[in-house]
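Structure first, then comments.
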Amino acid sequence: MIEEIYNSLQKEFWDSVEIDFKDEKNDGKHFFLDICSQRFVWLTRIEQSQLVYACLDPFMKSWYIHALRMKCRIPE
């Protein structure tokens, strides 16, 4: 399932995206996402998070992702 999430993120953030997606507690429910994308330029931190949540919505609604901690970054 992690591969499906990774592919979904990569598809949504197609522009030279850097993704680090980890199962934080090794329980398959609590994840950390570090994502760096050009799509975040000119967006507020809240808008950046909303963009990621919109992409991951199917995984969250199915309860595959119970908790998500994320760090959204813009390429330097």
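What size of dipole, in debye to the nearest 20, comes out for the chain about its Cα centre when the only charges are +1 on Lys and Arg C-beta atoms and -1 on Asp and Glu C-beta atoms?
With Lys and Arg at +1 and Asp and Glu at -1, about 240 debye.
Which of the listed residues, 6, 56, 46, is farthest toward the dipole's positive end in the chain, when Lys, Arg count +1 and Asp, Glu count -1 at the beta-carbon?
46
222 nm [θ] for the chain, helices only, -39500 (n - 2.57) per DSSP H run of 4+, per residue, to 500?
Roughly -12000 deg cm²/dmol at 222 nm, from the helical runs in the chain.
Which angle between 0 and 90 degrees, to the nearest 10, do you get for helix 45-61 versus the longest principal axis of the chain when only C-alpha atoms count?
So the helix axis and the longest Cα principal axis differ by about 30 degrees.
Would you mind checking the tilt of helix 2-12 against the longest principal axis of the Cα atoms of the chain, expressed as 0 to 90 degrees and rounded to 10?
The angle comes out near 20 degrees.
Taken together, the values in this text are just the output of simple stated rules run on the coordinates, not laboratory data. These numbers were taken from a predicted model, which means no experiment stands behind them. No Cβ is skipped: glycine too gets one built from the backbone with ideal geometry, and neighbour counts run over all protein chains shown.
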